[in-house]
Amino acid sequence: MQEINFSNNKLTEIKEPTFSNLFFLKKINLKHNFIKEINIRGFLGLDSLIELILSGNKLVSFSNRNYLHKPFSNLKILRLSSNNIKTIGANEFLGLQNLNELYIDENKLAFIETNSFQPLLNLKHLDIKNNRIKDIRLHAFKGLENLENLNMRYNLLSKFEERTFENLYKLRVLNLGHNKIIKIENTVFELLKNLESLTVCHNFLKKYIKENQYFIKKNSNKLFGLNLDEQLK
């Protein structure tokens, strides 16, 4: 067996040894249940697991810390959409060094803490849209040197620090649409040499764009998609 589907049930927890002896299991679908926390011991032995779907539960956090045996070391895709996650602590995703895709959209995140994603050295796609993010702390994206796609649309962002996106050397797609951005300094994008697509539609940049027609410093020869449509004022 390589895939198991427990979606749309009334599960509240995963007890040990729910998945014992399923050494070749690659995908677990637990979406739309009532799981409030992750019992790591319930997933021990799943060394072949590639995708874990926990969307639509009652999770307030995802912590893989403080465990000697980490069952998600080979995980490639983690889906945490539509939960109750409010914060991401430093090193929250410790042990997930092989993760490629992380979805935390439609949660209740208010800010991104320093070093939140540092263990995710191979992450390529990060989706944190539809949250309540107002603030991104310095070094919040530290460790994401391989990130290619960052989706932050539908949040409450109004500004960025100069070094917000430092270390995102391979970022190709950045979506900041539907926020409350009033100003973007040129230096914010200075290190994004590989940026190909930038979306900042539905913000509050109309006046700023009019006064600063070249508000995005043209330091990337690869940028071919720029969406500034529907600025509110």
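The values are calculated or read from the model by the stated rules, or taken from the named source; none is laboratory data. Quick caveat: nothing in here was measured; it's all calculated off a predicted structure. Positions of Cβ are generated from backbone atoms using ideal geometry, with glycine treated the same way; all protein chains shown enter the neighbour counts.
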Q. Which condition does residue 155 not pass, out of (1) touching a strand residue (DSSP E or B) at 6+ places or on another chain (Cβ under 8 Å); (2) of a type in the set (S, T, N, Q); (3) under 23 Å from residue 82 (Cβ atoms), if it passes all the others?
A. (1)
Q) Can you find even one residue in the range 92-101 that is in a loop (DSSP other than H, G, I, E, B) and touching a helix residue (DSSP H, G or I) at 6+ places or on another chain (Cβ under 8 Å)? A) no
Q: Confirm whether residue 120 is in the same structural domain as residue 52 (by TED's automatic domain parsing), surrounded by 19 or more Cβ atoms within 10 Å (Cβ to Cβ) and outside any loop (DSSP other than H, G, I, E, B).
A: no
Q) Listed residues 186, 115, 91; which is modelled with pLDDT under 95 and surrounded by fewer than 16 Cβ atoms within 10 Å (Cβ to Cβ)? A) 186
Q) Is it the case that some residue within the range 15-29 is assigned to a loop (DSSP other than H, G, I, E, B) and either outside the structural domain of residue 112 (by TED's automatic domain parsing) or at pLDDT 95 or above (or both)? A) yes
Q: Would you point out which residue out of 180, 142 is over 24 Å from residue 118 (Cβ atoms) and surrounded by fewer than 21 Cβ atoms within 10 Å (Cβ to Cβ)?
A: 180
Q | Residues within the range 41-58 that are surrounded by fewer than 19 Cβ atoms within 10 Å (Cβ to Cβ) and modelled with pLDDT under 95, tallied | A | 6
Q | the range 143-168: number of residues that are farther than 18 Å from residue 100 by Cβ and not β-branched (Val, Ile, Thr) | A | 14
Q.
I need the full set of residues from the range 174-206 which are without any contact (Cβ under 8 Å) to a residue 40 or more places away in the chain and within 24 Å of residue 81 (Cβ to Cβ), in order please.
A. 174, 176, 178, 179, 180, 181, 197, 198, 200, 201, 202, 203
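A quick yes/no check of all residues on (1) crowded, with 16+ Cβ neighbours inside 10 Å; (2) modelled with pLDDT of 95 or more:
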{"site": "67", "(1), (2)": "no, no"}
{"site": "70", "(1), (2)": "yes, no"}
{"site": "76", "(1), (2)": "yes, yes"}
{"site": "103", "(1), (2)": "yes, yes"}
Q.
Take the conditions among the hydroxyl-bearing types (Ser, Thr, Tyr) and either more than 29 Å from residue 135 (Cα to Cα) or not in a loop (DSSP other than H, G, I, E, B) (or both) and apply them to residue 55. Does it pass?
A. no
